[in-house]
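Data block below; observations after.
Just so you know, all these numbers are worked out from the coordinates, no wet-lab data involved. Quantities reported herein were computed from a predicted structural model and do not represent experimental measurements. Here the Cβ positions follow ideal geometry from the backbone for every residue, glycine too, while neighbour counts run over all protein chains shown.
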Amino acid sequence: MSPRTETERRRRISAEERRELILGAALEVFAQRGYHASSIDEIAQAAGVSKALIYEHFPSKRDLHVSLLEQHVQEIFERLATAAATSDPGEVRLEAGVNAFLEFVESRRDAFRMLFRDAVEPDVAEMLVRVQQQVGAAVAGLIAAEPREERGDPEENRRAIEMVGQLLAGAVQSLALWWGDHEEVRRKDLVAVVMDFAWLGLERLRSGERWPRSA
């Protein structure tokens, strides 16, 4: 891009709009190529701006990557919080939460791909842990709020609920990854399968039924 064209572009859009333009281009490049294989040159070309302009907003490629991660992880949290913030029964809120997460996956496929493509990167791994922990804690809260038959030690019951929450969060995350290769499957059918698996099983747990423990 020529200096004149760059100057004209900078006059036409605000600093916030330029930042969003850069983030959008970076998301596309990171999702397609992964963090290590991507370069600021490629992102600048995709955004139609200079490298210098990118560095005005983000000191490094890592800062740009982290900003993207934080933006989309925050969106996941907000969607889940909205789904849970009702007085509906637990199964209704769980269904809404599962649907909210899968709706994010469906509408932000590049973002979801970026999150999991570089899952071995420390920054990414840390945020994925945060997502799973928060989702798991939310699910555990729904389970704990529902009437159930208590048996055994209360602390063991609390810990078991916590583990079930993490198990379900991991299962939905894994299902979302599978969905990336089976996009013909409708989101509502995924939600129904999760509820078949999760809530019907939880009904048995709430009634006091347990798998026999080994000695």
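Between residue 185 and residue 129, what is 0.36 nm times their sequence separation minus the Cα-Cα distance? Round to one decimal in nm.
On the way: separation 56, 0.36 × 56 = 20.16 nm, distance 2.68 nm.
Length difference between fully extended and current span is 17.5 nm.
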Under the rule of at least 5 residues apart or a separate chain, name every residue whose amide H is placed under 5 Å from the amide H of residue 50. none
Taking every C-alpha to C-alpha distance in segment 31-74 and binning by 5 Å from 0, the per-bin percentages run 5, 21, 31, 27, 13, 2
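Against the globular-protein guess of 2.2 N^0.38 Å, express the Cα radius of gyration of segment 65-206 as a ratio, rounded to two decimals. Let's see the in-between values first.
Details: Rg = 15.4 Å, N = 142, 2.2 N^0.38 = 14.5 Å.
Cα Rg divided by the expected 2.2 N^0.38 Å: 1.06.
Sort 57, 36 so that the residue with the fewest other Cβ atoms within 10 Å of its own Cβ comes first and the one with the most comes last. Please report the intermediate quantities before stating the final value.
Working: 57 18, 36 9.
Listing 57, 36 from fewest to most nearby Cβ atoms yields 36, 57.
Suppose every K and R has +1 on its Cβ and every D and E has -1 on its Cβ; what is the size of the dipole of segment 65-206 about the Cα centre, in Debye to the nearest 20? Display every interim value, and only then the final one.
Values: 16 positive and 26 negative charges, 28 e Å.
Magnitude of the dipole: close to 140 debye.
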